[in-house]
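Contents: one structure, followed by commentary.
Read-outs: derived from the displayed coordinates by stated rules, not from any lab. Keep in mind that this is a model prediction, so the values were computed, not measured. Cβ placement follows ideal geometry from the backbone for every residue including glycine, while neighbour counts extend to all protein chains displayed.
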Amino acid sequence: METAGLVLAAGAGRRYGRAKALVPYAGSLLVERGADTLRSAGVSLSVVVLGASAPEALPFTGGYDQVVTNPEWASGLGSSLRAGLRALAGTPAGAVVVLLVDMPEVTPSAVRRVSAHAAADALVMGGYEGRRGHPVLLGRDHWDGVIAVAEGDRGARDYLRAHAEQVRVVEVGDVAGDLDLDVPELNPYA
């Protein structure tokens, strides 16, 4: 089964003080780091969704197979997830691994571990010692349902909660971190 990778990088980063796609972290920009993670994990197709910083970030997206610009980025993460899933609808991918650009410690190993459970009906989340997190894998059978409920900054959260009995949690905390760069103080490379 072909598994695509999707990086959501459209936000303005209001709490951070600038668009996170363009934040440096460990020698590269976060948007570049997402592409490197997906490429190293071996996904069949990598897509990034840009928005607030699209003109500035576009030159740094050469590592992606497809770039989607979300004109509704200001409405929240949900619109970017919808845009990314719609872009993947015309591809042969049977599942997609979703990464958030501001979670730079999700590794290729974590993506591979979650992707190992890819199926059209799969819902898989990375686990961190009991906490659910990223990466998240959405099988194609769930894309329309996720699109229907992804609103504001909620993304797939409500869909995953509504289908909790189907969600497989795969421990990745031994090969990845769940650092979420909401503010510059959390970035050791700022």
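See the values below:
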read-out: Neighbour net charge for Gly42 - beta-carbon separation under 14 angstrom, K R +1, D E -1; value: 0
read-out: Whether the stretch 99-190 is rounded, prolate or oblate, judged on the alpha carbon gyration tensor where a/c under 1.5 counts as rounded; value: oblate
read-out: Residue exposure sequence - Ser79, Ser28 - by fewest surrounding Cβ within 10 Å; value: Ser28, Ser79
read-out: Antiparallel DSSP beta bridges within the stretch 116-190, as percent of all bridges there, nearest 5; value: 55 percent
read-out: MRE, 222 nm, helices only [DSSP H, n ≥ 4, -39500 (n - 2.57), over the chain, to nearest 500]; value: -7000 deg cm²/dmol
read-out: Protection proxy ranking, peptides 135-144, 118-127, average beta carbon neighbours within 10 Å, highest first; value: 135-144, 118-127
read-out: Low-density loop cleavage sites - trypsin sites (Lys or Arg not before Pro) in the stretch 9-58, where at most 13 other Cβ are within 10 Å (DSSP); value: Arg14, Arg15
read-out: Burial order of peptide ranges 83-94, 41-52 (average beta-carbon count within 10 Å, highest first); value: 41-52, 83-94
read-out: Beta bridges by DSSP in the stretch 3-185, antiparallel share as percent, to the nearest 5; value: 35 percent
read-out: Cα gyration tensor category, rounded, prolate or oblate, for the stretch 1-87 with a/c compared to 1.5; value: oblate
read-out: Options [x] 9.5; [y] 11.0; [z] 11.6 - which one matches mean projected area of the Cα convex hull in nm² as calculated here; value: [x]
